[in-house]
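Written out below as structure tokens is the structure these notes cover.
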Amino acid sequence: MNKAEVHRKKVQEILDGNTLHGHQVSAATKTFNAFSNEVRAVVTAAEMQAGKSGIALALCCLQRLSLDDETICQKRSLKDTLYLVTMPDTALRDQAEDDLRLAKNVVVSNFVNFEKALETDFKGNPPKLIIIDECHYGSNVTGIRYSSVFDYLEQENDSCKVVFISATPFGALYGAETEYEEALEVSSEAEEEHNDKLLKESTQAANQALKDSILRRDFGTRLVFHKTSDEYYGVREMLKNNRLHNLNDEERNFLVDSSHRKNFMQQFHAHQGMGWSLVRVPAGTAMDAKQFFISQGVDEENIYILGDSLSGVPEDELSTIDRFKKAFEDSELFGEKLVAITVAGCRAGINFGNLMKNNLISTWDSTVASVAAVVQANVGRACGYHGNNTSMHFTNGNAAEAYGAILDYLERTCSDHAASDFDGLREFFEDVCQEYQVNGLDVGLTIKYKRRRPIGDVETFATDHYVAVPARLLDQDYDFSQHTQDKLLLSAITVLREEFIKNGAPSVKGSRAMRGKKKNWIKAQWVNGDSYDNPEKAGVDGPQKDRTIMLTSMLDNDEYVEFNRVVAPGSGELTENKSVTATVFSVYNISRRKVSKTIMTEKDVWDMCDYFDIPHDDTLFVLYKRGEYDLDRTLAKKSHNELPEKSGTLSDESQFSVK
């Protein structure tokens, strides 16, 4: 056996050994195989605690195996992979070094020491692969920005590849692009107002946003989804087993009495033997939460507040994560139950280990922010390869369900092959956020030069009239003129029908995209079994059934109905661009949410048909036509928006660090 074969054999033993699971090697292989002359960046999405460190180890091995025989035998060429931890936390760096200890070709560092690592560990032999862990922090204005890495890859090492790994990379993918678009909007306003200072600042902000994004189009970026094995227990499994309970706005604060809090305490007290619960409370209330547990009969010595210099918490009341872990190990000897209280949550990336996961009783999370903030927190720490499917989780159910829908989509589209349609992916993410009524994929985006506009959709119109018609999807010769003579509404009916039958017979779908110049003048609201009459899915005007009856009744009574209210624009839409809004009741619309009723019944649609006194059908269109421009209301909204320029930051609880 020659020297090259000896080196390759040692690397192959790691890939084939007991350290790595087959699904981790498979994900790494798909990631590495996505690289080509055109592709230098790959984003790997993997669920919480699904083995991202194993994927990284396998990537290191694959990188070493890719060397030619001569290079793999050179000692000076051994270090060829740089692994970067996004957070400047030595504990996370030490954990990564331990996870990757078998890979002799990797150097572990963080962004603070990025350039130092290049100078000291890769002198004369620049890295061939950079792996960046927990890349979702790139979407946070106070977090990591990737311009320095890309500057290095573009200007100093144009043959190096980069892999971004995260359970929630979505905000990082699009956050900076959103900043870019909004900065351009401000630039346009500044140019119209001849505000040279604002124009210069916003243009600089736009250029910097593009540099900070991990989605570099010129790097041919691809997305790979890590499909876990059947033993994995994650958010989707929690939802399926009814172990995840939604906290509404009134119940989310743990200090407020509620039926959910009673269930939480009952579960805790009923648990036999050792165990623990994790509770995340609003800032400044940790001591109050501790007193509540004491009032419920929990021994004060078994209650730990995790953090460092927390508001309202004396220093001697605080505990480190390591101290809590040690206390938990000791509790096994005495069969005791512990409580861990956090404010901003436990530090991201920390794995509590199988013993703690298998003995987890419950979690409570007060997070109200984004999908990433919710699933990276308490629920995320409870995921992984373990046998505990009885623990109960009280959290933001909409965000968890949105994450489940995203995982289903990624599993269908990019678990077998790398994906490149990031524009389509972005549209899907926006649809999910709107459907599940969550604040977004990630948070922490601050548009420094964007003006605060409490009302974004200012150009206001009245609603002219409405009409309700059966869709008659299977009847090509149906005469819709018996319902309306309005040519614009007749055109809208044609477009809507085509959305259902463009592939032949109508089929059940979760979303129908009205995109393209021929369709973007219509706003369609696709009503399914969930949005039809479920109060939990209701918007400001209630579920779609009640909303439609209310709006049409107002028009029937010649009451003024603002067309902006009918359109309910979202995801960058403007009422001024919509001529018709259609509410579509149909048995062919399905909700992605895990609810008992996802599809409208035929009787549901017939009830709406009876209300509007039209023939029964399985699909009903209620169409609203835009009316005259409302100058007074428009001016009133513009006047309301005449406020000082101000930066705005969403609270980023996805940092999940104890401070």
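Derivation of every value follows stated rules applied to the coordinates shown; laboratory data play no part. Since the structure is predicted, the reported quantities are computational estimates derived from the model, not experimental observations. Neighbour counts run over all protein chains shown; Cβ positions are idealised from the backbone, glycine included.
For residue 261, neighbours were defined as the other residues whose beta-carbon sits under 11 Å from its Cβ, and their charges (Lys and Arg +1, Asp and Glu -1) total 0.
In order along segment 241-250, the Karplus-derived 3J(HN,Hα) couplings, from 6.51 cos²θ - 1.76 cosθ + 1.60 at θ = phi - 60°, round to 8, 6, 9, 10, 10, 7, 9, 7, 4, 6 Hz, and Gly and Pro are given as x.
Listed by chain and number, the aspartates and glutamates whose C-alpha is less than 15 Å from the C-alpha of residue 3, apart from same-chain residues fewer than 8 away, are 68, 69, 70.
3J(HN,Hα) along segment 124-133: x, 8, x, x, 9, 8, 10, 10, 10, 8 Hz, from the Karplus curve 6.51 cos²θ - 1.76 cosθ + 1.60 with θ = phi - 60°, whole Hz, x for Gly and Pro.
What are the semi-axes of the equivalent ellipsoid of segment 461-630, taken as the square roots of 5 times the eigenvalues of the Cα gyration tensor, listed largest first and rounded to whole Å?
22, 19, 17
The alpha-carbon of residue 197 sits under 16 angstrom from the alpha-carbons of these lysines, leaving out residues fewer than 8 places away in its chain: 448, 450, 646.
Excluding same-chain pairs closer than 8 in sequence, count the lysine pairs in segment 241-397 whose Cα atoms lie under 18 Å apart. Counting lysine pairs in segment 241-397 gives 8. Residues whose amide H lies under 5 Å from that of residue 627, counting only those 5 or more places away or on a different chain, are 462, 463, 464; hydrogens are built 1.01 Å from N in the peptide plane. Would you list, by chain and number, the lysines whose Cα falls below 25 Å from the Cα of residue 509, excluding same-chain residues fewer than 8 positions away? Within the straight-line cut-off, residue 509 pairs with 227, 240, 517, 518, 519, 523, 537, 545, 578, 594, 597, 603.
For residue 167, the residues whose amide H sits under 5 Å from its own are 46, ignoring neighbours fewer than 5 places away on the same chain, with H placed 1.01 Å from N. Here the gap between residue 597 and residue 299, fully extended at 0.36 nm per residue and compared with their Cα-Cα distance, gives a gain of 102.9 nm. Divide the volume of the convex hull around the Cα atoms of segment 241-397 by the residue count and you get 111 Å³ per residue.
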